[in-house]
Amino acid sequence: MIARPSASSAGRLRPRRSCLAVPGSNPRFLEKAQGLPADQVFLDLEDACAPLAKESARHAIVHALNTGDWSGKTRVVRVNDWTTHWTYRDVITVVEGAGPNLDCIMLPKVQDAQQIVALDLLLTQIEQTMGFTVGRIGIEAQIENAKGLVNVDEIAGASPRMETIVFGPADFMASINMKSLVVGEQPPGYPADAYHYILMRILMAARAHDLQAIDGPYLQIKNVDGFRAVAGRAAALGFDGKWVLHPGQIDAANEVFSPSQEDFDHAELILDAYAWSTSEAGGKKGSAMLGDEMIDEASRKMALVIAGKGRAAGLHRTSKFEPPTG
Ligand code: GLV
Ligand code: MG
């Protein structure tokens, strides 16, 4: 296994509020996706690509990555999972053909750590052979069945290339026999949130390994309110982003996974107030009052998360900290 260049050059901190799925076999979508305001695109060789179209889609994706304008976007290709016979050719064709113009490979239906290690080794050999920077290309792992969820901790820690853990609700619902056909919505008959355990399990593995946690698709593409509600559920827990299947879902995802202006301003104020109160001038105090609120080191950590997400989303603060006088 390789050592990656560094955590900052490995794009763990890239914003991924909206991750746009683009069928790799459709040149029109490959073109159109470039102009959309998604944080990430993933060009799909898996379920959105018919078996007979996989070979030509690999080449269409290489062409689109090498010639398109993807500026500002994280560029990902989803290959087929290791239980098929397509995976190695997907990886070799795409990475040999467009490695320097690619940020991550997404591996679907990951079941154990060995599947990540296998992809890591293949990527390393291709990078070495082609003279690319070894370890630059990251891995996104989709959790889509019970075995993957049970092994998610080992999967998250299986390679320094790992950047995200992605929930795949459609395949997951099928794999556990959940009684619903409406992806992301609650199955009728269960009075609580049927996804809570799964989402939390993924989130804990991601956080324990310093990775991003990404929620999967919402298939009712015309129902933006429904999308917002489901995305809001994942965002409230701490997820970093969600897949989008349609341009109409992009703005909603970018908004739901960014802090509000009010929360961003509040977080920046907490950081300033705490920095001041712990300083010589502020009396070297470990806790302080910000208005009616007591803040301490834990408040600073919470504020850092919100401020970091806000800055990454391009927010600018609209308030200023004034040290108390007298
Ligand atoms: C995505 O791949 C899903 O199965 O939901
Ligand atoms: Mg799937």
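Okay, here's what the table says:
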quantity	calculated
Candidates I139, I105 - the one that is under 20 Å from A208 (Cα atoms), aliphatic (A, V, I, L, M) and in the same structural domain as G24 (by TED's automatic domain parsing)	I139
From the options T87, T93, residue that is within 16 Å of ligand 1 (Cβ to nearest atom) and over 25 Å from S18 (Cα atoms)	T87
Matching residues, the range 32-85, being loosely packed, with under 15 Cβ neighbours inside 10 Å, small (G, A, S) and not in a loop (DSSP other than H, G, I, E, B)	G35, S56
Candidate set from the range 156-183 (those that are within 18 Å of the chain's Cα centre (by Cα) and among the hydroxyl-bearing types (S, T, Y)); member that is farthest from ligand 2 (Cβ to nearest atom)	S159
Residue match in the range 102-111 (condition: at pLDDT 95 or above and over 25 Å from D39 (Cα atoms))	yes
Filter result (touching a Pro at 6+ places or on another chain (Cβ under 9 Å) and assigned to a helix (DSSP H, G or I)) within the range 186-208	I198
Extreme residue, farthest from ligand 1 (Cβ to nearest atom), among residues of the range 155-185 that are hydrophobic (A, V, I, L, M, F, W, C) and assigned to a strand (DSSP E or B)	M162
Residues located in the range 106-125, provided they are in contact (Cβ under 8 Å) with a residue 60 or more places away in the chain and either within 16 Å of ligand 2 (Cβ to nearest atom) or in a loop (DSSP other than H, G, I, E, B) (or both)	M106, P108, K109
Any hit, the range 209-224, residues being more than 16 Å from ligand 2 (Cβ to nearest atom), over 15 Å from the mean Cα position of the chain (by Cα) and exposed (fewer than 14 other Cβ atoms within 10 Å of the Cβ)	yes
Selection status of V134, assigned by TED's automatic domain parsing to the domain that holds R16, within 16 Å of ligand 1 (Cβ to nearest atom) and of a type outside the set (S, T, N, Q)	no
Pair list, Cβ under 6 Å, 6 or more apart: the range 126-147 residue part of a loop (DSSP other than H, G, I, E, B), other residue more than 14 Å from ligand 2 (Cβ to nearest atom) and among the small types (G, A, S)	F132/G99
Members of the range 242-270 found to be polar (S, T, N, Q), within 27 Å of I165 (Cα to Cα) and away from ligand 1 (no atom under 16 Å from the Cβ), listed by number	N254, S258, S260
Candidate set: the range 187-206, residues that are under 23 Å from V224 (Cβ atoms) and within 16 Å of ligand 1 (Cβ to nearest atom); chosen: the one surrounded by the most Cβ atoms within 10 Å (Cβ to Cβ)	Y195
Hey, F239 in contact with a strand residue (DSSP E or B) (Cβ under 9 Å, 6 or more places away or on another chain) and farther than 24 Å from A156 by Cα or not	no
Candidates A298, A281, A234, A213 - the one that is of a type in the set (A, V, I, L, M, F, W, C) and without any contact (Cβ under 8 Å) to a residue 24 or more places away in the chain	A298
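The values are calculated or read from the model by the stated rules, or taken from the named source; none is laboratory data. The structure presented is a predicted model; accordingly, all values stated were derived computationally and were not measured. We place every Cβ from the backbone using ideal geometry, glycine too, and count neighbours over all the protein chains shown.
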